[in-house]
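Nothing in this text is a laboratory measurement; each read-out follows from the coordinates by a stated rule. Worth saying up front: this structure is predicted, and the values here are computed from it rather than measured. Neighbour counts are summed over all protein chains in view; Cβ atoms, including those assigned to glycine, are modelled from backbone coordinates with ideal geometry.
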Protein chains: 2
Amino acid sequence: MPFIELKPGTLLSPTAVVMLSCASFEDKPNIITLAWVGTVNSDPPMVSVSIRPERHSYRIVKESGEFVVNLVSRELMKATDFCGVKSGKEMDKFEACKLNAIAVPGMKYAPAIKQSPAYLACVVRQEIDLGSHTMFLGEIVNVGVQKSLMDDKGKVDFERADLVAYCHGEYMGLKKPEGFFGFSVARPEVLKRRLKKN
Amino acid sequence: MPFIELKPGTLLSPTAVVMLSCASFEDKPNIITLAWVGTVNSDPPMVSVSIRPERHSYRIVKESGEFVVNLVSRELMKATDFCGVKSGKEMDKFEACKLNAIAVPGMKYAPAIKQSPAYLACVVRQEIDLGSHTMFLGEIVNVGVQKSLMDDKGKVDFERADLVAYCHGEYMGLKKPEGFFGFSVARPEVLKRRLKKN
């Protein structure tokens with residue numbers, strides 16, 4: 001038996017780490033950093049984000065019924081961490097991190113972060129209290145990607161974005177791709193073409 | 001405006017990619033690879049996994065009410081891809097990938113994958129049909145980590161695991177950690193101590 005048993009815990013790794021931006025009729029734009037986030041459905045495209053009820057953003061997302069998921073590059077790593085440990089009750093995090101809030105089509109209040117590589121604008125479809133966190137299920141109604149990340153075929157090239165993953169309390173960058181979905185059964189000519197760029 | 005708008009889609013990146021193992025009273029152990037997975041609650045610890053109803057594992061998870069999330073190392077990358085494109089209706093994926101199913105305390109049927117760096121054994125608490133996928137919310141009732149990943153303080157060191165992330169259709173390894181939760185506000189002596197090992 002190669003495993004040792006540990007106390008049940010949130011050991012899923014790596015995960016995304018994102019900056020969620022939100023606002024409401026009465027609340028100015030705020031940012032909260034989340035690693036408890038995931039894609040949950042392809043059609044319609046949906047994500048889940050889990051927020052503790054005691055966090056400042058919880059009520060904002062609950063009342064506005066919307067949020068924007070902003071992906072994180074290594075350049076944003078320090079701001080990302082900062083927005084995870086500080087509270088919007090005490091400061092304007094956009095100002096503190098020198099980030100800009102910009103309007104997103106389809107959102108009434110929630111802005112995107114101008115410096116983010118890409119954003120997913122979401123409308124809350126369901127919320128479920130799970131214990132420590134409330135899970136919000138958001139339908140992705142608008143997606144924006146930095147122009148500089150589009151390749152010459154009009155496809156998103158996230159290698160240019162230098163994205164950050166979160167792994168058991170640590171932030172880390174990504175190495176070059178070593179495989180693509182289906183590579184294990186791809187024909188030799190497809191393998192050659194697809195892996196050539198690496 | 002630095003962004004171009006794209007059709008709404010599942011662009012959250014990077015994500016985890018895991019091998020979910022399952023079995024039931026009438027089904028032998030099977031593996032399905034998933035990137036639509038995320039941590040959704042800390043206490044009790046819970047994950048969400050989303051599976052298309054037409055997949056072989058869907059009915060197995062639904063009927064058994066349990067599943068095991070196996071983390072993925074670079075060594076397992078090819079097997080991981082293979083278990084994402086092939087169906088358990090047609091083959092025994094454990095056999096095809098030369099992986100071993102081992103019993104997990106707390107699971108009636110679902111085994112863990114012996115070669116995985118770590119597993120999270122889950123009991124289904126809720127399932128929600130979202131459209132293309134059904135989201136299963138699982139409470140993590142047992143966690144196992146390879147002995148070789150434990151450091152001399154008895155903590156899990158995932159750097160030794162060489163984990164894989166999934167990013168918009170591609171598999172990639174992780175670079176060395178460049179920050180830890182709280183590093184943006186840490187005192188200089190804490191920074192020095194925590195980042196020394198890198």
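Charge tally for A:PHE3 (other residues, Cβ to Cβ under 13 Å; Lys, Arg +1; Asp, Glu -1): +1. Peptide B:175-188 has a mean of 6 when you count, residue by residue, the C-beta atoms of other protein chains within 10 Å of its C-beta. Each of the GluC sites (Glu not before Pro) that DSSP puts in a loop and that has at most 13 other Cβ atoms within 10 Å breaks chain A; the longest unbroken stretch is A:91-198. Remark: the Cα gyration tensor places the range B:119-179 in the oblate category, a/c being 1.5 or greater and a/b not exceeding b/c.
Shortest first, B:ALA96 label-point distances to identical copies amount to 5.0 nm, with the label point at 7 Å from Cα along Cα→Cβ.
Distances between copies of A:ARG187, taken at a point 7 Å out from Cα along the Cα→Cβ vector and listed shortest first: 6.4 nm. Taking a Cβ cut-off of under 15 Å around B:VAL141, the surrounding Lys, Arg, Asp and Glu residues balance to a net charge of -1, with basic ones at +1 and acidic ones at -1. Between this copy and the others, label points of B:PRO44 are 3.1 nm apart in ascending order, each placed 7 angstrom from Cα in the Cβ direction. For chain A, the alpha carbon positions stretch 58, 50, 33 Å along the principal axes, listed from largest to smallest. Once backbone amide H atoms are built at 1.01 Å from N, B:GLN126 has B:LEU137 as its partners under 5 Å, excluding neighbours fewer than 5 places away on the same chain. Among the trypsin sites (Lys or Arg not before Pro) in the range B:134-198, those located in a DSSP loop and surrounded by at most 15 other Cβ atoms within 10 Å of their own Cβ are B:LYS153, B:LYS155, B:LYS197. Residues whose amide H comes within less than 5 Å of that of B:LEU20, counting only those at least five positions distant or on another chain, are B:ILE32, B:THR33, B:LEU34, B:ASN70 (H built at 1.01 Å from N in the peptide plane). Remark: relative contact order (chain B) = 22 percent; criterion is Cα-Cα distance under 8 angstrom and separation of 6 or more residues.
Charged neighbours of B:ASN30, selected by a Cβ distance under 10 Å, balance to +2 (K, R count +1; D, E count -1). Using 26 Å as the Cα-Cα cut-off, could you pick out the over-long pairs in A:LYS98/B:LYS155; B:LYS98/B:LYS176; A:LYS153/B:LYS7; B:LYS155/B:LYS192? Over 26 Å Cα-Cα: A:LYS98/B:LYS155; B:LYS98/B:LYS176. The helix-only estimate of mean residue ellipticity at 222 nm for chain B, built from DSSP H runs of length n ≥ 4 each weighted as -39500 (n - 2.57), is -4000 deg cm²/dmol after division by the residue total. Of all residues in chain A, the one whose Cβ lies closest to the rotation axis carrying A onto B, together with that distance in whole Å, is A:GLY38, 1. Partner lysines whose Cα lies under 17 Å from the Cα of A:LYS93, excluding those fewer than 8 positions away in the same chain, are identified as A:LYS28, A:LYS78, A:LYS114. Once you have a ≥ b ≥ c as the square roots of the Cα gyration tensor eigenvalues for the protein assembly as shown, tell me rounded if a/c is under 1.5, and otherwise prolate or oblate according to whether a/b is larger than b/c. Cα axes put the protein assembly as shown in the rounded bin.
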